[in-house]
1. How large is the Rg to Rh ratio of the range 86-142 when both quantities use alpha carbon positions and Rh follows Kirkwood?
2. Given the protein chains as shown and a 1.4 Å probe, how many square angstrom of residue 138 are accessible, to the nearest 10?
3. Send over a whole-number figure in Å² for the accessible area per residue of the range 35-143, probe 1.4 Å.
4. Just the number, please: carbon plus sulfur as a percent of the accessible area of the range 105-176, 1.4 Å probe, no ligands or DNA/RNA counted.
5. What shape does the range 56-173 take by its C-alpha gyration tensor, where a ≥ b ≥ c are the square roots of the eigenvalues and a/c under 1.5 counts as rounded, a/b above b/c as prolate, and the rest as oblate?
6. Could you work out the relative contact order of the range 93-176? I mean the mean sequence separation of Cα pairs under 8 Å and 6+ apart, divided by the number of residues, in percent.
Amino acid sequence: MMGWTGWLALGVLGLSACDRTSVRPSAAALPLQVATAVNALAGQCSAVGGRPRADAAVRRGDFNSDGREDFVLYAGWIVCEGAASVFGDREKDVAVFAGNVTGGSSGAFTQSVFDVMIEEKEGRHQLWFTVSGADCGKAPAATFSEESFCDRAIVWNAATNQFNYEPLSAGRILQQ
């Protein structure tokens, strides 16, 4: 599986998992950068003989509270019929794109995660990612079965126009 460094070099990124809110995929047109990223992930599926279904790969919401629609793309939300393992069986790539005033978007966060959740609290959408090891403040485990897992939210940093993880103390431990 290509890491996000490779995807960024190609100008692409991706998304799909369990939601905890009403944010849903939309048939409305995607900004070019998001559509390019979806097409690139779908192309990975096609390249190994799979049939991609990427209609639910993107979730929309105002994740940085600027009044504009932002986009989350998660490789786990793409179904690759006939080649289900193309995106791996553990961590999958996620990308968050911040919407801009012209209707376009810019890449604002990329990572490999185990799951993506969208929660709504007091009218605000919050993105949570299931991560492990160092992202949970723990040393990597010797084996996957011994790994530590947690959920970490991301918050907007207006100075850098990027999302960053909230402090570890705001995370939710899932398994130690």
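1. Numbers: Rg = 14.4 Å, Rh = 13.5 Å.
Checking Rg against Rh, the ratio lands at 1.06.
2. So the heavy atoms of residue 138 present about 80 Å² to solvent.
3. Values: 4610 Å² over 109 residues.
I get 42 Å² per residue for this part.
4. Ligands and nucleic acids excluded, carbon and sulfur reach 49 percent.
5. On the way: a/c = 2.16, a/b = 1.28, b/c = 1.68.
Note, shape of the range 56-173 comes out oblate.
6. On the way: 148 pairs, mean separation 17.6, N = 84.
This gives 21 percent for the range 93-176.
The values are calculated or read from the model by the stated rules, or taken from the named source; none is laboratory data. All figures in this text were calculated on a predicted structure; none of them were measured in a lab. Ligands, DNA and RNA are excluded from the accessible area calculation, which covers all protein heavy atoms including side chains. Shrake-Rupley method; radii C 1.70, N 1.55, O 1.52, S 1.80 Å.
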